[in-house]
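What follows is calculated from the coordinates using simple rules that are stated; it is not laboratory data. Given the structure is predicted, the values throughout are model-derived calculations rather than measurements. For neighbour counting, all protein chains shown are included, and Cβ atoms are generated from backbone atoms with ideal geometry for every residue, glycine included.
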Amino acid sequence: MRALGAGAEPSLSANALRHRVLDLQPLAVAAGLGSKQRVPSLKAACEAFLNASLCKEEQRSDWGMRPLRESQLEYAALDALACVRLWQVLRTE
């Protein structure tokens, strides 16, 4: 796994700042994964930058059904955590 450290922040678009949204795919492309025409998936980015496998079994499950299953809650939490970890790595690239 790559070391997480401080570094220069990539420039963020005014739209991203206004809506408080950060799209990690362009950052992954800028770091050498995929291309503008074929942006990388979260799973591919985790494998490339975190040396970690991300299970996507719950991706196509029924998210409208309530209550959510424990496995769905874990999936959602891990996806969110993966995004935070990727941001920590990609902002230093």
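Some values worked out for this structure:
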item: By average C-beta atoms within 10 angstrom, highest first, the peptides 63-73, 23-33, 47-57; result: 23-33, 47-57, 63-73
item: Extension gain from Arg60 to Ala76, taking 0.36 nm per residue of separation minus the Cα-Cα distance; result: 4.6 nm
